[in-house]
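This report concerns only the one structure given below.
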Amino acid sequence: MPRLLPSLLSLSLALAATPALAEAKPASPADRADEARAQLKAIARLDDAPGGPQINAVIVFNPAAAKEAERLAGTGPLDGRTVLVKDNVETREWPTTAGSLALKDNRTGRDAPLIARMRAAGGVVLGKTNLSEWANIRHSDSTSGWSAVGGLTRNPHALDRNACGSSSGSGAAIAAGMAWAAIGTETDGSITCPAAINGIVGFKPTVGLVSRTHVVPISASQDTAGPMTRTVADAALLLGAIAGSDPADAATAEADARKVDYTRGLATASLKGVRIGVLRSAVGNHEGVKRVFAAALADLKAAGAELVEIEFQPDATMYRDEGFVLRYELRRDLNAYLATLPGQGLPKSLGEVIAFNQANADTELRWFGQDIFTAANQLTDEAAHAKARANSLRLAGKEGIDKLLADNRVSLLVAPTAGPAWTTDLISGDRFLNIGMGSLSAIAGYPHLTVPMGAVEGLPVGLSLMGAKWQDEAVLQAGAAYERARTATLPQPRFRRWGE
């Protein structure tokens, strides 16, 4: 176990001394069935109905979910709660498409291990969510939230604004009340950005805590699944259900030994005396975000945290080499995944996907191309990949987060997660603001939690809390403590265009 910094050690000791939360009384079967029925009605009304907001967050759903929720009420920690699953994670009921028409018939009939764990814990798979096609790795000027299978996901807070990617459907669905929780996946920002922009909680765990088997891959170095929920407590509960070792995923070898009851002590976790590093250079220049972040820092300070200002900019080669790693591993890992698919007529390599897109350009390539795919398909230099991965990992981990925590004697790092949602533009692509520093956690494979911290003109913004490798519990505890201390009024989805 990595050496704990003094303030983090104090927090960990306090948690160890705190009795576990009294186990919540299981919901009645009728209550769970009613919840599922209400969520199915929300999908019908908000996602699909002509004349409705047509969020396009859900690709397919289980109409019998209420009966399943009723049956599973009182079983396992999830107790019949409903979960939507990003459509790059395999579930036995439906195809797993990654948003691409090339995989529309990808019926494997199998559950990813993380889904099997969730079911065993009493969770109900409610349906599959839309995403940025191929998890937003196809083209450099893509529009987040669009896929050929699911269309464009809209932000429930402002229908003309983006839901961010690539777990856009998961974020929008939870914001709109379409399920208790959702599963997202992240390589760099794809859980935390859509969670922040849709005004919900998102948690990217330490890479290796949750299995990636039977999940359409980008990068074995950085990919992970994680929970997207309304509260930190819900995220902790779902994380505990899906975490664990998987013999087919070597990265998870330590997961069983590392995982804990992530709900333990959440209701009483304190920030008193905990030193927190403020990544000042990640705040950006947006005045609205600055104001909301300043209020969040005041809430942390009022809760007893000691704030330490940090000026830090990563070496630019970290981002350069991350880009090389993701492209190299995309070809390698996607080829390996596609080669195992049991169905007929499915692409068996990245090259075959590129050819499919070219042959179906009117539906697949109308809004943006596939320059990342094309570049990735040419990368075969294993030595160059190893060098790039070593450098990016060193700069994000040992000389990034680890050094910042140690040099400043802080337990956690905080920053805004991202700016407010931008206006969706399928012609010109995304417009990200230079706000946040989540790439550090993504490249290092360390835990990153985003919690709503307020809004700019009705558009949600999130607070990022980032910690060291395997410190998932401490990050969640700090997030729960902030959540209780938060004074901001959070916006509710309006299901209209911004300004209307």
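A few remarks follow.
- Condition check for W470 on (1) out of contact with any helix residue (DSSP H, G or I) (no Cβ under 8 Å at 6 or more places or on another chain); (2) aromatic (F, W, Y); (3) closer than 26 Å to E322 by Cβ: one failure, at (1).
- Within the stretch 152-164, the set of residues being surrounded by 24 or more Cβ atoms within 10 Å (Cβ to Cβ), among the aliphatic types (A, V, I, L, M) and part of a loop (DSSP other than H, G, I, E, B) comprises just one member, A163.
- Residue in the stretch 486-493 that is within 30 Å of E254 (Cα to Cα) and of a type in the set (S, T, Y) present: no
- Neighbours by Cβ (under 6 Å, 6+ apart or cross-chain): first from the stretch 157-186, without any contact (Cβ under 8 Å) to a residue 60 or more places away in the chain; second surrounded by fewer than 24 Cβ atoms within 10 Å (Cβ to Cβ): none
- Inside the stretch 126-151, residues that are touching a Lys or Arg at 6+ places or on another chain (Cβ under 7 Å), part of a loop (DSSP other than H, G, I, E, B) and of a type in the set (V, I, T) make up a count of 1.
- Against the list (1) surrounded by fewer than 24 Cβ atoms within 10 Å (Cβ to Cβ); (2) over 15 Å from Y337 (Cα atoms), the condition R110 fails is (2).
- Exactly one residue out of T450, T489, T417, T423 is over 22 Å from the mean Cα position of the chain (by Cα) and touching a residue at least 24 places away in the same chain (Cβ under 8 Å): that is T489.
- If you go through the stretch 101-116 and pick out every residue that is in contact with a strand residue (DSSP E or B) (Cβ under 7 Å, 6 or more places away or on another chain) and not hydrophobic (A, V, I, L, M, F, W, C), you end up with 1.
- The condition (being modelled with pLDDT of 95 or more, under 17 Å from F61 (Cα atoms) and in contact with a helix residue (DSSP H, G or I) (Cβ under 9 Å, 6 or more places away or on another chain)) is satisfied by just one residue among N162, N130, N155: N130.
- When residues of the stretch 295-320 are limited to those that are hydrophobic (A, V, I, L, M, F, W, C) and part of a helix (DSSP H, G or I), the one surrounded by the most Cβ atoms within 10 Å (Cβ to Cβ): L300
- Test: residue in the stretch 278-294 that is crowded, with 18+ Cβ neighbours inside 10 Å, of a type in the set (F, W, Y), under 30 Å from T96 (Cβ atoms) and at pLDDT 95 or above: no
- Number of the condition not met by D315 [criteria: (1) out of contact with any Leu (no Cβ under 7 Å at 6 or more places or on another chain); (2) over 30 Å from T424 (Cα atoms)]: (1)
- Among the residues here, N88 qualifies as of a type in the set (S, T, N, Q) and under 20 Å from the mean Cα position of the chain (by Cα).
- Restricting attention to the stretch 91-124, the residues that are aliphatic (A, V, I, L, M) and either in a loop (DSSP other than H, G, I, E, B) or modelled with pLDDT under 95 (or both) total 3.
- Of all residues in the stretch 351-394 being touching a His at 6+ places or on another chain (Cβ under 7 Å) and among the hydrophobic types (A, V, I, L, M, F, W, C), the one that is nearest to L101 (Cα to Cα): F368
- From the options G445, G462, G458, G436, residue that is more than 25 Å from S221 (Cα to Cα), crowded, with 21+ Cβ neighbours inside 10 Å and in contact with a strand residue (DSSP E or B) (Cβ under 9 Å, 6 or more places away or on another chain): G462
- Residue tally, condition hydrophobic (A, V, I, L, M, F, W, C) and at pLDDT below 95, over the stretch 16-41: 7
- With respect to the stated conditions, A102 fails to be more than 25 Å from N155 (Cβ to Cβ), surrounded by fewer than 23 Cβ atoms within 10 Å (Cβ to Cβ) and of a type in the set (A, V, I, L, M).
- Check on F368, buried (at least 18 other Cβ atoms within 10 Å of the Cβ) and in contact with a Lys or Arg (Cβ under 7 Å, 6 or more places away or on another chain): no
- All positions within the stretch 358-380 that are of a type outside the set (S, T, N, Q) and without any contact (Cβ under 8 Å) to a residue 24 or more places away in the chain: A359, A361, D362, L365, R366
The values are calculated or read from the model by the stated rules, or taken from the named source; none is laboratory data. The shown structure was predicted, so the numbers you read here are calculated from the model rather than taken from an experiment. All Cβ positions, glycine included, derive from the backbone under ideal geometry; neighbour counts span all protein chains shown.
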